[in-house]
Amino acid sequence: MAQRRVSISTCQAQSPKRRSISITYSSCDYNGEKDHHSNSKSFSEESCMYREKQSFTQNRKFDSRFSYLRTFDNSEEFLSDQEQKFQEKRKLYIQIALQNLLHTDLKVDDVPHIAVMGSGGGYRAMVAMSGIINALYDTKVLDCILYTAVLSGSSWFISTLYSHPEWPNIHPKDIQNELKNDISKNPKSISKILAYGWDWFCKKWNGKSWNITTDVFGPMLGDVLIPKRMSCRWSEQRNKLSEGTVPLPLLSAIHAKEEKNTKEFHEWVEFSPYEVSIQHYGAAIDMTNFGSKFDKGLLTQRFDEIPLFEIMGICGSAYTLTHEELLNKDSINFKTVEKSADPSRSHEINDIEIDAQHSINEGYYSDNDDVFHEEDEEYGFHQSNVSSPSKEELAEMEELFKRICQIRNQEGRKFEEETNGNENDDINDEANLNRGSSRFMHSCSLEGDVEIDGAFDYSKTFVMEHCMKTRRHRAAMVNNPFWNVSFDETDSACCQGKPTSSPKNLMKNDLEKLCLIDAGLAFNSPYPLLFQPGRDVDLILSYDFTDRKKDSNEPFKTLLTAEDWARKHDIKFPKINVDIYEGKDVQELYVFEDENDPECPIIMHFVLVNKDFRLFKKPGVERSESEKEFANFTVYDDQSTFHCTNFQYSEKNFDRLSQLSEFIVLNNTVHIEACIRKSIKNKQNRKKPERQRHVSSPV
């Protein structure tokens with residue numbers, strides 16, 4: 001495809017059709033400040049070539065020295081050149097796979113864009129997703145998938161899968177077995193960090209600029225899930241995509257504000273092996289530059305790409321919610337409000353349902369129940385009987401702290417100093433380690449009768465009204481690649497639909513750091529990633545692991561949120577009519593489509609429910625009496641075993657959940673194939689040859 005480069009002499013793009021971003025160069029005297037990354041290189045000399053005030057439109061291809069920011073329009077040019085080339089190769093591969101699966105001839109023009117999507121839900125989502133991929137692999141459906149979009153817990157498995165050195169030349173079950181072994185032997189270290197870690201690490205890193213997501217949670221998560229590849233980077237997975245033999249994996253997070261509710265402000269952030277992009281602004285950078293410093297669209301200081309384990313921490317950082325979000329999390333209940341036994345209170349129930357419906361229409365709610373419950377407010381995390389840590393637990397925390405420091409040393413990622421910090425206060429200094437440990441032990445001994453409330457040892461009032469007002473020290477703070485780039489309402493791409501943010505809610509161009517958190521705090525399935533121009537998804541296999549509180553509760557909350565989001569952005573989305581399922585048992589699969597519009601994608605909504613699995617170990621193969629005990633369990637009625645905050649699974653519970661999710665796919669393979677046939681027919685019946693496709697995207 002022909003590319004237009006930015007002229008070095010004029011910095012003026014030749015085409016007026018591209019959306020412009022105004023960038024002013026008043027000074028290019030960069031000092032190359034110290035940062036917590038290693039191997040930094042100053043780009044000040046190159047940057048100083050641009051001292052004049054200039055306005056230009058960035059080109060789509062990264063120039064070797066200058067064009068590090070790629071911009072795209074809200075209706076075209078979303079796909080990078082690398083993703084377009086991937087599509088070309090992958091669709092040829094899918095064409096053959098579909099012909100073998102469906103036993104029919106198929107033109108490449110008729111190849112549907114099929115995506116697999118996984119929701120959040122902590123280890124529950126991760127373990128269930130491992131079973132999903134196994135089943136899709138065995139049934140050859142995975143060979144027909146173009147994209148895999150995941151969020152939070154599901155992203156942990158996809159990251160583990162793709163970063164494995166043998167993938168895709170190995171059965172995913174082998175990787176699953178390694179994962180099962182790793183998390184069954186995990187001594188609840190992650191739970192302890194989130195339970196006691198806040199005060200502990202505040203004392204340890206006093207004077208340092210740090211956050212619990214990338215500096216604590218991410219390293220420990222990686223140490224459990226990908227222990228042998230802690231130096232792995234997400235961009236390194238490009239090699240596995242080069243021949244189009246596996247789907248393109250898309251991880252997600254949201255950019256939030258430290259003290260603002262995600263209902264009021266959030267922007268979806270996508271991590272593909274090729275790029276990091278914020279679709280709302282129509283801008284992206286190469287994945288290898290994620291974490292480097294930018295100014296006015298130019299790379300000013302290069303740092304090593306942020307390691308994969310930190311991205312995994314960002315994607316699953318549900319504990320970054322604010323006090324307001326926690327209080328409002330359960331204020332809405334979609335048709336699961338329990339009817340009061342007191343008839344005099346019936347009007348209150350109706351008011352709740354009306355308010356809920358109003359919130360659906362307005363979009364003012366958070367869809368992720370996989371964070372904290374009301375009874376957990378004083379903890380900030382799900383704990384049943386949290387008390388002050390014992391001496392043994394404190395000793396374990398000390399070892400965990402040393403392990404985290406060791407991980408960061410191996411990565412060469414020092415902690416930043418605060419303005420008033422002591423530069424000589426090295427976290428690896430053994431004396432400092434001992435002093436910090438002694439101070440913490442002493443404070444615990446003096447306050448032996450004071451309960452440590454989960455993540456904090458302060459009073460509940462102080463924690464909820466002060467500490468949780470802001471995400472500071474909890475959320476990941478990453479160098480903003482769009483720093484000093486001026487965005488206004490005319491620049492807002494806002495995916496492929498109409499802009500919904502007022503200028504006051506747009507990113508400030510003086511924002512030096514992005515606050516990145518779990519996308520599940522917006523809503524719990526990454527639909528926005530798939531509805532981008534050029535991706536043109538025709539069929540979505542959506543696997544929803546969202547908490548339902550009870551197994552019998554209706555499983556449509558996330559789906560209704562996605563429908564509301566699509567309507568707001570003028571995106572075609574099937575009508576989610578849940579009334580016809582009211583009062584009926586929860587099914588494994590729900591299919592939603594618009595039979596009158598071939599351009600509207602088909603949604604296959606898969607749900608975690610232990611129904612047929614209790615009686616059948618495989619579709620059509622009944623269980624013996626001795627095998628029924630294994631399958632006799634609930635997923636959500638038991639709010640401990642498979643709760644999103646449980647970070648240790650026994651091998652038995654791992655097998656139960658992964659085999660259940662695998663069974664659900666196998667039990668509905670016929671329906672999957674039927675929907676694939678429908679999506680092919682829809683593509684053939686479209687009046688327009690392509691739907692919102694980039695002009696040079698492969699056909």
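The values are calculated or read from the model by the stated rules, or taken from the named source; none is laboratory data. Given the structure is predicted, the values throughout are model-derived calculations rather than measurements. When we count neighbours, we look across all protein chains shown, and the Cβ atoms used for this are built from the backbone with ideal geometry, even at glycine. These area figures cover heavy atoms from the full protein model, side chains too; ligands, DNA and RNA do not enter into them. Shrake-Rupley method; radii C 1.70, N 1.55, O 1.52, S 1.80 Å.
Can you find a residue that is closer than 19 Å to Gly316 by Cα and at pLDDT 95 or above anywhere in segment 530-540?
Among the residues of segment 530-540, not one is closer than 19 Å to Gly316 by Cα and at pLDDT 95 or above, which makes the answer no.
With respect to Lys652, is the statement that it is over 30 Å from the mean Cα position of the chain (by Cα), at pLDDT 95 or above and either assigned to a loop (DSSP other than H, G, I, E, B) or surrounded by fewer than 18 Cβ atoms within 10 Å (Cβ to Cβ) (or both) true? Working first, answer last.
Numbers: over 30 Å from the mean Cα position of the chain (by Cα): no; at pLDDT 95 or above: yes; either assigned to a loop (DSSP other than H, G, I, E, B) or surrounded by fewer than 18 Cβ atoms within 10 Å (Cβ to Cβ) (or both): yes.
For Lys652, the condition - over 30 Å from the mean Cα position of the chain (by Cα), at pLDDT 95 or above and either assigned to a loop (DSSP other than H, G, I, E, B) or surrounded by fewer than 18 Cβ atoms within 10 Å (Cβ to Cβ) (or both) - is not met.
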Handout entry: Ala318, sole failed condition from (1) touching a Pro at 6+ places or on another chain (Cβ under 8 Å); (2) hydrophobic (A, V, I, L, M, F, W, C); (3) under 20 Å from Ala149 (Cα atoms); (4) open to solvent by 10 Å² or more (accessible area, probe 1.4 Å)
Key = (1)
Practice task
Collect the residues in segment 216-227 that are touching an Asp or Glu at 6+ places or on another chain (Cβ under 9 Å) and open to solvent by 10 Å² or more (accessible area, probe 1.4 Å), keeping them in residue-number order.
Solution key: Val224, Pro227
Practice task
Please indicate, with yes or no, whether at least one residue in segment 145-157 is over 15 Å from the mean Cα position of the chain (by Cα) and either hydrophobic (A, V, I, L, M, F, W, C) or open to solvent by less than 10 Å² (accessible area, probe 1.4 Å) (or both).
Solution key: yes
Exercise for the section: Report yes if Lys203 is touching a helix residue (DSSP H, G or I) at 6+ places or on another chain (Cβ under 7 Å), surrounded by fewer than 21 Cβ atoms within 10 Å (Cβ to Cβ) and modelled with pLDDT of 95 or more, otherwise no. Expected result: no
Completion exercise
Reported set for segment 590-647 where residues are in a strand (DSSP E or B) and open to solvent by less than 50 Å² (accessible area, probe 1.4 Å) is Tyr590, Phe592, Ile602, Ile603, Met604, His605, Phe606, Val607
Exercise for the section: Hey, could you check segment 537-562 for residues that are acidic (Asp, Glu) and either out of contact with any helix residue (DSSP H, G or I) (no Cβ under 9 Å at 6 or more places or on another chain) or farther than 16 Å from Met604 by Cα (or both) and say which is surrounded by the fewest Cβ atoms within 10 Å (Cβ to Cβ)? Expected result: Asp551
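Return yes when His280 is closer than 15 Å to Met477 by Cα and either of a type in the set (Ser, Thr, Tyr) or modelled with pLDDT under 95 (or both) and no when it is not. Full working, then the answer.
On the way: closer than 15 Å to Met477 by Cα: no; either of a type in the set (Ser, Thr, Tyr) or modelled with pLDDT under 95 (or both): yes.
So His280 fails the test.
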Handout entry: Test result for Asp585, among the charged types (D, E, K, R), more than 25 Å from the chain's Cα centre (by Cα) and part of a loop (DSSP other than H, G, I, E, B)
Key = yes
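Tell me, yes or no, whether segment 131-145 has at least one residue that is part of a helix (DSSP H, G or I) and acidic (Asp, Glu). Let's see the steps before the verdict.
Taking segment 131-145 and keeping what is part of a helix (DSSP H, G or I), we get 131-138, 142-144.
Subsequent filtering for residues that are acidic (Asp, Glu) retains 138, 143.
So far as segment 131-145 goes, yes, one or more of its residues are part of a helix (DSSP H, G or I) and acidic (Asp, Glu).
Kindly evaluate Thr213 against the criterion of being in a helix (DSSP H, G or I), open to solvent by 20 Å² or more (accessible area, probe 1.4 Å) and within 24 Å of Trp483 (Cβ to Cβ).
Working: in a helix (DSSP H, G or I): yes; open to solvent by 20 Å² or more (accessible area, probe 1.4 Å): no; within 24 Å of Trp483 (Cβ to Cβ): yes.
Against the criterion (in a helix (DSSP H, G or I), open to solvent by 20 Å² or more (accessible area, probe 1.4 Å) and within 24 Å of Trp483 (Cβ to Cβ)), Thr213 does not qualify.
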Practice task
Quick one: which residue in Ser242, Ser277 is of a type in the set (Gly, Ala, Ser), within 19 Å of Leu79 (Cα to Cα) and open to solvent by 10 Å² or more (accessible area, probe 1.4 Å)?
Solution key: Ser242
Exercise for the section: Just give me the residues in segment 269-311 being assigned to a strand (DSSP E or B) and under 18 Å from Pro528 (Cα atoms), in sequence order. Expected result: Val269, Glu270, Phe271, Glu275, Val276, Ser277, Ile278, Ala283, Ala284
Handout entry: Failed item in (1) touching a strand residue (DSSP E or B) at 6+ places or on another chain (Cβ under 6 Å); (2) at pLDDT below 90; (3) open to solvent by 10 Å² or more (accessible area, probe 1.4 Å), with Val485 passing the rest
Key = (3)
